[in-house]
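The structure appears below as structure tokens.
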Amino acid sequence: MTVDLILNNTRAYVNKNIVECSIAIENGKIHKIGKENSMPKAEEKIDLKNLLVLPGLIDVHVHLRDEGKAYKEDFYTGTAAAAAGGITTVLDMPNNAPVTMSAETLRRRMEVAEKKVLVNVGFYSEFPKRTDEIHAIVEEGAVAFKLFMMEQVGGLNIDDDNALLNAFEIVSKLKTLVAVHAEDKETIKKAEEKFKQSNRNDIEAFLKAHSENAEWKAIKRLLNIAKQTHAPIHFCHVSTKRGLEAIIDGKNLGLPITCETTPHHMFLSAKDLKKIGGLTLTLPPVRDRKSVSAIWMGVKNGWIDILASDHAPHTLAEKQAKEVWNVKVGIPGLETTLPLLLTEVNRKRLSIADVVKLMAEKPAEIFKLKGRGVLEKGNMADLTVIDLKRKHKIDASKFYSKAKFSPFHGWKVEGKPVKTFVKGNLVMDEGEIVAKAGCGEIIRRE
Ligand SMILES: [Zn+2]
């Protein structure tokens, strides 16, 4: 037979080892991994000149915007940013305009995305107002539910414990999972009001309002719900030592919980936030040294399951609002995450195995993304090709994302994604997008 494509002269992460091999690709899938002389005939061959091939990386926390928020980002620019950053699959958050919280809004979003995406995209849904609509959302193919605990975004009343219990019970029966933004609304709103009344408008006040206690309280509340319903809960962007410890306790009790952290919670601290200002404002905010080292420990020890960018683009004007309370929270992260991590691989603080586990294997396993996360015969030919020794400087003005700012702007990094293959198609080559819009796949949960 003749296959579509063979990648020769590669080093690839296969069976938890880096091996020298060739990879044959047929019909968007991995057909064979082996010695060059054992490969079938091919329509096309690419010599990868000893570059390292990883399973296509998966970012489970991305805000692609589009629709009513297309001025911040759209499906094309967001997925171009992903491809440029070496990410082949992203999961899109539901706080959109309109909010993704029904089968209809989800279907519409998939339709808009289909013609524009360059990488694979799965979709979260918020909870609907009526719990009897949860089933239809799952049927439509939502990969998971997302629940914002810090403010009311979806239809489920976050102040009502019984409503939460009921919704999580249904989720548990439908064998899907809930990803949560765990910050306690009441704690934050109270503190925020107090600061606003005394005309406080500084980063310090913002940090105090979004206290470590607010994260811990929300996590404890959700652990209680996990105990009662056994619904799988995934904690997004864990940021504090206390919060992580509560999650570890829950894991030790055998609860079906997982968690993620972000590069900004690993590489930045409250000190950077105070220095750089609103541009670095995210939720939860970056924390003090003590929490940063606890998060690193969690990453190294495997207590933290996933690394995700929380790519959350805004306009520069929105980031530079006068009042700290009006600054839009979030930063773009798709194009900085992998270079930052590879720099740590070069510094021996992380290994390639860590990066693959945190950004491919675990995401695929936890979110049940079949045929992804591992390089093996029969899996999708989603591949991230990196040059581990390539040095460069992060330049936000060159981002594909519409959000051309970053707290990491100007950082010197070592290690770069140089080619991104999605379903066997070369999408990014040496920083250029070389594929047509629509070549990514819309992922529906089976
Ligand atoms: Zn987010």
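The values are calculated or read from the model by the stated rules, or taken from the named source; none is laboratory data. Keep in mind that this is a model prediction, so the values were computed, not measured. Reconstructed Cβ throughout: ideal geometry from the backbone, glycine too, with neighbour counts over all protein chains shown. These accessible areas exclude ligands, DNA and RNA; they are computed on the full protein's heavy atoms, side chains included. Shrake-Rupley method; radii C 1.70, N 1.55, O 1.52, S 1.80 Å.
At a glance:
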{"quantity": "Relative contact order, percent, segment 245-315 [alpha-carbon distance under 8 Å, six or more residues apart]", "calculated": "40 percent"}
{"quantity": "Distance from segment 369-446 to segment 155-170 (C-alpha centre basis), Å", "calculated": "37 Å"}
{"quantity": "Relative contact order (percent, whole number), the chain, Cα cutoff 8 Å, 6+ residue spacing", "calculated": "21 percent"}
{"quantity": "Sequence-distant residues sharing a close amide H with Val62 (under 5 Å, placed H)", "calculated": "Leu91, Met93"}
{"quantity": "Where labels lie 7 Å past Cα in the beta-carbon direction, separation of Tyr71 and Lys328 in nm", "calculated": "0.8 nm"}
{"quantity": "Accessible surface, per residue, of segment 58-366 when the full set of protein chains is kept, probe 1.4 Å, Å²", "calculated": "35 Å²"}
{"quantity": "Amide hydrogen neighbours beyond the local backbone of Thr258, cut-off 5 Å, H modeled", "calculated": "Ile233, His234, Phe235"}
{"quantity": "DSSP bridge pairs, the chain: antiparallel proportion in percent, nearest 5", "calculated": "50 percent"}
{"quantity": "Relative packing of 375-382, 344-351, 197-204, which averages over residues the other C-beta atoms within 10 Å, highest first", "calculated": "375-382, 344-351, 197-204"}
{"quantity": "Where a label projected 7 Å from the Cα of Arg289 along Cα→Cβ would reach, residues of segment 211-231 with amide N under 20 Å", "calculated": "212"}
{"quantity": "Amide proton proximity set for Lys69, modelled H, under 5 Å, gap of 5+", "calculated": "Ala97"}
{"quantity": "Portion, in percent, of the accessible area of the chain that falls on carbon or sulfur, probe 1.4 Å", "calculated": "48 percent"}
{"quantity": "Rounded to whole Hz, the Karplus (6.51, -1.76, 1.60) HN-Hα couplings of segment 85-94, x for glycine and proline", "calculated": "x, x, 9, 9, 9, 10, 10, 8, 7, x"}
{"quantity": "Value of relative contact order over segment 204-341, rounded to a whole percent, pairs C-alpha under 8 Å and six or more apart", "calculated": "24 percent"}
{"quantity": "Karplus-derived 3J(HN,Hα), 6.51/-1.76/1.60, for each residue of segment 165-182, Hz, glycine and proline x", "calculated": "4, 4, 5, 5, 5, 5, 4, 4, 5, 7, 6, 10, 9, 10, 9, 10, 8, 9"}
{"quantity": "Residues in segment 303-329 reached by a label modelled at Lys251 [backbone nitrogen below 14 Å; 7 Å Cα→Cβ]", "calculated": "303-307"}
{"quantity": "Percent of alpha-carbon pairs separated by more than 17 Å within segment 121-188", "calculated": "35 percent"}
{"quantity": "Inter-probe distance in nm under a simple model that places probes 7 Å from Cα toward Cβ, at Asn162 and Asn213", "calculated": "2.9 nm"}
{"quantity": "Between segment 237-305 and segment 59-136, the alpha-carbon center distance in angstrom", "calculated": "25 Å"}
{"quantity": "Hull-based mean projected area of segment 58-366, where the convex hull spans the alpha carbons, in square nanometres", "calculated": "14.7 nm²"}
